[in-house]
Amino acid sequence: MNVALPPDAFAVTAAPVCEETLLLGMPQLCLAGLSETWLLKELGHRHWMGLAQMAGRAVPDFRDASGEPVYAAFSALSVTDADFARVRENDRITVRSEIRRISRTQCASRHTLTSAGRPIGTVHLVSAFVRRAPGGGNHTVARVALDGFPPPDRPEATGLAARAAAFRAGRGEAEARFGLEPDEAARAVLEIDPCPAQDFNGAGFLYFSSFIAFIDRAEWQFDSRRAPLASTRSREVYFHGNIDPGERVVVRRLASRRDAGGLAHHCRLERAGDGARLADVFTHRNL
């Protein structure tokens, strides 16, 4: 359980671990079972608090040498072996979370989910410390390194951070892993006007869980007749950028596959004003 403690109650630790069992109610559920949007917000908070614990702090208030705030922006996430449709109201899930430092600027967390002793999914999150340029908006963020953390672990050659870096360098094979091939005929586009009161977080960024919500909204637009109660089996997201309030987002479907077992697709989120890539999202859903 995440508990706020006095600063002297913490010691710097390389891999903080916490475990908590939660009773599921309406905030944690959607029509198809466990709400992925709620789950990502919850795990994002656990990741953020884990960073504080790893740095020996009571709260995650990070700042650069000039006193400007530094945030942990998610650069990649994956959901694997998900069975979110298994749980319903009044069920309990146990979430076991651990976090570690993987480079001077990046940290990674792993969250395993079980219900009634059965696994229902694993979520990996990778974050990078970032700050805005003075007077700049969300187009001007840059990575920074912070002191006060344990030395980074040896990076995993095939881990999520490595896959995200390979994809950004044009060497990714995510489409092959999700059984997708680019299909010009399958392309579809949805433009979304994010709402500051719903889609942005307290730091002023378009929240990472909103990216996933936009993908699900686009899937509903493109495939609602085929997938009225789709539930995520696996998902992998590589984040590239962000927007300022008032800017629009385009969701562009680049590839898709449908069969009796489910629905898979690759969607790209772009900034409507200049076409800049915001995220690439690979999704496999149960029908």
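The values are calculated or read from the model by the stated rules, or taken from the named source; none is laboratory data. Bear in mind the structure is a predicted one, so any value in this text is a computation, not a measurement. Backbone-built Cβ (ideal geometry, glycine too); neighbour counts: all protein chains shown.
Could you list, in sequence order, the residues of the stretch 149-181 that are of a type in the set (Gly, Ala, Ser), free of Cβ contacts under 8 Å to residues at least 40 places away in the same chain and more than 25 Å from GLY50 (Cβ to Cβ)?
Correct list: ALA166, ALA169, GLY170, ALA176.
Return yes or no: is SER210 crowded, with 18+ Cβ neighbours inside 10 Å and not in a helix (DSSP H, G or I)?
Numbers: crowded, with 18+ Cβ neighbours inside 10 Å: yes; not in a helix (DSSP H, G or I): no.
It is false that SER210 is crowded, with 18+ Cβ neighbours inside 10 Å and not in a helix (DSSP H, G or I).
Tell me yes or no: at least one residue of the stretch 216-223 is more than 21 Å from VAL123 (Cα to Cα), polar (S, T, N, Q), surrounded by fewer than 18 Cβ atoms within 10 Å (Cβ to Cβ) and modelled with pLDDT of 95 or more.
No, the stretch 216-223 contains no residue that is more than 21 Å from VAL123 (Cα to Cα), polar (S, T, N, Q), surrounded by fewer than 18 Cβ atoms within 10 Å (Cβ to Cβ) and modelled with pLDDT of 95 or more.
Which condition number in (1) free of Cβ contacts under 8 Å to residues at least 24 places away in the same chain; (2) surrounded by fewer than 15 Cβ atoms within 10 Å (Cβ to Cβ) is the one that THR112 fails?
That leaves (2) as the condition not met.
Test ASP91 against the stated conditions and say whether it is more than 24 Å from HIS284 (Cβ to Cβ), acidic (Asp, Glu) and surrounded by fewer than 20 Cβ atoms within 10 Å (Cβ to Cβ).
It is false that ASP91 is more than 24 Å from HIS284 (Cβ to Cβ), acidic (Asp, Glu) and surrounded by fewer than 20 Cβ atoms within 10 Å (Cβ to Cβ).
Can you work out which of the residues in the stretch 132-148 that are of a type outside the set (D, E, K, R) and free of Cβ contacts under 8 Å to residues at least 12 places away in the same chain is surrounded by the fewest Cβ atoms within 10 Å (Cβ to Cβ)?
GLY135
Identify the residue in the stretch 147-165 that is more than 18 Å from the chain's Cα centre (by Cα) and over 16 Å from ILE99 (Cα atoms) and, among all such residues, is modelled with the lowest pLDDT.
ALA157
Within the set of pairs 6+ apart or on separate chains, which have a first residue in the stretch 74-90 that is closer than 27 Å to TYR238 by Cα, a second that is of a type in the set (Asp, Glu) and surrounded by 15 or more Cβ atoms within 10 Å (Cβ to Cβ), and C-beta atoms under 9 Å apart?
Taking only residues 6 or more apart or on different chains, the pairs are ALA76/GLU236; LEU77/GLU236; SER78/GLU236; VAL79/GLU36; VAL79/GLU236; THR80/GLU236; ALA82/GLU36; PHE84/GLU36.
Looking at the stretch 28-49, can you tell me whether even one residue there is among the basic types (Lys, Arg), closer than 16 Å to LEU113 by Cβ and at pLDDT 90 or above? Before you say what the answer is, go through the steps one by one.
First pass over the stretch 28-49, keeping only residues among the basic types (Lys, Arg): 41, 46.
Filter once more, so that each one left must be closer than 16 Å to LEU113 by Cβ: 41, 46.
Subsequent filtering for residues that are at pLDDT 90 or above retains 41, 46.
So far as the stretch 28-49 goes, yes, one or more of its residues are among the basic types (Lys, Arg), closer than 16 Å to LEU113 by Cβ and at pLDDT 90 or above.
Might you let me know whether the stretch 196-219 holds any residue that is aromatic (Phe, Trp, Tyr) and over 16 Å from the mean Cα position of the chain (by Cα)?
No, the conditions are met nowhere in the stretch 196-219.
Would you mind finding the one in VAL59, VAL126 that is of a type outside the set (Ser, Thr, Tyr) and surrounded by fewer than 20 Cβ atoms within 10 Å (Cβ to Cβ)?
Within the list VAL59, VAL126, the selection yields VAL59.
Taking the condition more than 24 Å from CYS107 (Cβ to Cβ), in contact with a strand residue (DSSP E or B) (Cβ under 9 Å, 6 or more places away or on another chain) and modelled with pLDDT under 90, does GLU191 pass?
Considered against the rule, which asks whether it is more than 24 Å from CYS107 (Cβ to Cβ), in contact with a strand residue (DSSP E or B) (Cβ under 9 Å, 6 or more places away or on another chain) and modelled with pLDDT under 90, GLU191 comes out as no.
If a residue must be farther than 14 Å from ARG268 by Cα and either outside any helix (DSSP H, G or I) or aliphatic (A, V, I, L, M) (or both), how many such residues does the stretch 190-207 contain?
12
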